[in-house]
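Derivation of every value follows stated rules applied to the coordinates shown; laboratory data play no part. Note that the structure is a prediction, hence the values are computed from the model and not measured. Every residue, glycine as well, gets a Cβ built from its backbone with ideal geometry; the counts of neighbours run over all protein chains shown.
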Amino acid sequence: MTDNTLPTCLIDGEEVPFTPGQTLIQAATAAGKYIPHLCWHPDFAAHGSCKICTVKADGRFGAACTIEARAGMTVENRTTELDDKRRTLLQLLFVEGNHFCPSCEKSGNCLLQATAYEVGMMSPHFDHFYPDRPVDASHPDVLLDFNRCIMCELCVRASRDVDGKNIFALSGRGIKSHLIVNSESGRIKDTDFSAGDRAAEVCPVGVILKKRVGFAVPIGGRKYDVSPVSAQVGAQAPTREEA
Amino acid sequence: MADRKLRVATTSLAGCFGCHMSFLDIDERLLDLLELVEFDRSPITDIKHCGPCDLGLVEGGVCNAENVHVLREFRKNCKILVALGACAVNGGLPAQRNHLDLRDILAAVYETEGGLARGARIPNDPELPLPLNQVHPIHEVVKIDYFLPGCPPSADAIWKFLTDLIAGRTPHLGHGLIHYD
Ligand code: SF4
Ligand code: SF4
């Protein structure tokens with residue numbers, strides 16, 4: 001229901017009300033409209049790094065998670081042009097890591113995978129890097145499989161801002177960027193990380209995984225088997241039970 | 001539709017034949033399909049080399065020299081070449097060896113693994129195709145026209161894909177049929 005007292009912008013031709021100060025993705029999400037995204041999460045400050053939420057606002061490209069909604073703003077979102085660009089960004093993420101979905105516990109509950117389905121990514125298109133990223137299984141309750149990290153920094157934000165533990169960080173630059181663990185050994189077992197942390201359930205892909213719960217939900221019943229990500233606006237972040 | 005049947009070739013490279021099994025899973029729809037297509041080289045016909053074809057379906061990535069030869073034979077003969085399944089699309093499970101040294105893998109499997117016969121050696125028969133250092137998806141070797149992901153793609157996905165293609169439409173899978181696992 002539209003609150004007539006609120007200003008509105010136009011997203012893909014549809015009027016979307018917003019509270020002044022809201023970003024485009026916040027306004028769209030509140031109105032049940034899907035803007036594809038990976039590093040954005042409603043509970044955390046915008047990061048603006050993955051660029052999947054790129055829209056055309058009054059003719060200019062920009063990240064919907066950082067652009068403030070303005071009255072009368074005309075926004076293109078799910079156009080062929082933009083989804084084509086999103087697909088290319090996703091393909092780059094797939095070939096930069098090691099994404100073998102058939103053996104990934106996150107498959108079916110993964111935002112990267114679901115977003116790629118949504119924009120019809122049929123192949124990785126580029127040559128694969130096949131990087132060597134050893135797994136850290138040292139923690140009794142949680143496994144870190146860095147092969148799938150897309151460097152969205154959601155775990156960094158959650159551990160720093162919610163858990164107050166500051167366990168994760170990005171290190172290196174450019175193609176050498178990677179996620180590191182804040183302990184002298186660099187191993188997760190030597191931190192005070194716990195399976196109950198917010199950072200343990202926030203990863204949109206299959207990096208931070210709880211042990212002994214993998215593959216509990218059969219194919220067909222997983223989050224994005226049931227309906228596509230675009231039909232689950234406001235519920236994209238997997239809950240602890242689903243992850 | 002064409003007055004002659006479309007000629008289709010299929011093969012499995014570094015795959016497990018799971019995609020071919022899923023293809024057979026279209027069940028009685030195979031009979032409808034056979035009204036429209038005939039098979040050239042394929043495990044279904046046992047023809048050993050591919051002749052001129054309208055459509056080639058390739059399962060699996062390339063893990064050895066022979067895979068590369070077969071893939072090139074398919075590309076040379078097929079007007080439309082399709083990567084069928086996860087391994088053809090991104091290397092799949094076999095590509096999970098890619099960060100390991102090939103010599104170390106062979107040594108572990110044939111020489112140092114427990115339970116091997118005494119004096120076991122890495123096989124070196126001239127008839128054996130040489131393994132590649134890394135497993136690669138087929139689009140890194142030849143041009144691929146269409147991709148059908150899935151491990152395996154479901155029978156319904158294969159059916160939708162083929163019927164779209166045969167009818168001259170760009171194949172479109174949509175939610176439920178597009179799967180990487
Ligand atoms: S993290 Fe997502 S995209 Fe990557 S392998 Fe796992 S399910 Fe697939
Ligand atoms: S581990 Fe997960 S949450 Fe953390 S940066 Fe990587 S993808 Fe994002």
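Classify the range A:71-129 from the C-alpha gyration tensor, please: rounded if a/c falls under 1.5, else prolate or oblate depending on whether a/b exceeds b/c.
Prolate.
Can you pull the Kirkwood radius for chain A, inverse mean 1/r over Cα pairs, to one decimal in Å?
18.8 Å
Where the centre of each part is set by its Cα atoms, how far does the range A:23-60 sit from the range B:114-164, in angstrom?
39 Å
Report the Cα-based extents of the range B:10-87 along its three principal axes, largest first, to the nearest Å.
36, 25, 20
With 10 Å bins from zero, work out the P(r) of the range B:58-146 over every alpha carbon pair and list the percent per bin.
With 10 Å bins starting at 0, P(r) equals 16, 40, 28, 13, 3, 0.
Order of B:134-142, B:40-48, B:168-176 by packing, highest average Cβ count within 10 Å first?
Put in order of decreasing packing, that is B:134-142, B:40-48, B:168-176.
Within 10 Å of each Cβ in A:122-135, how many Cβ atoms from other chains are there, averaged over the peptide?
For peptide A:122-135, the averaged partner shielding equals 5.
So if I average 1/r over every pair of distinct C-alpha atoms in the protein assembly as shown and take the inverse, what Kirkwood radius in Å does that give?
Final number for the Kirkwood radius of the protein assembly as shown is 23.7 Å.
Could you work out, residue by residue across B:24-32, how many beta carbons of other chains sit within 10 Å of that residue's beta carbon, and then give the average as an integer?
Mean inter-chain Cβ contacts per residue within 10 Å come to 0.
Rounded to the nearest whole Å³, what is the per residue volume of the convex hull around the Cα atoms of the range A:8-78?
That works out to 74 Å³ per residue.
Report, in deg cm²/dmol and to the nearest 500, the calculated mean residue ellipticity at 222 nm for the protein assembly as shown, where each DSSP H run with n ≥ 4 adds -39500 (n - 2.57) and the sum is divided by the residue count.
My calculation for the protein assembly as shown gives -6000 deg cm²/dmol from helical runs alone.
For chain B, take the convex hull of the Cα atoms, compute a quarter of its surface area, and give me that in nm², please.
11.9 nm²
State the cysteines of chain A left without a partner when partners are defined as other cysteines whose beta carbon lies under 4.7 Å away.
Lacking a cysteine Cβ partner under 4.7 Å: A:CYS9, A:CYS53, A:CYS65, A:CYS101, A:CYS104, A:CYS110, A:CYS149, A:CYS155, A:CYS203.
Could you pull out the pairs from A:LYS33/B:LYS79; A:LYS85/B:LYS5; A:LYS33/A:LYS176; A:LYS51/A:LYS106; A:LYS106/B:LYS79; A:LYS165/A:LYS223 whose alpha carbons sit more than 32 Å apart here?
Cα-Cα > 32 Å for A:LYS33/B:LYS79; A:LYS85/B:LYS5; A:LYS33/A:LYS176; A:LYS106/B:LYS79; rest within.
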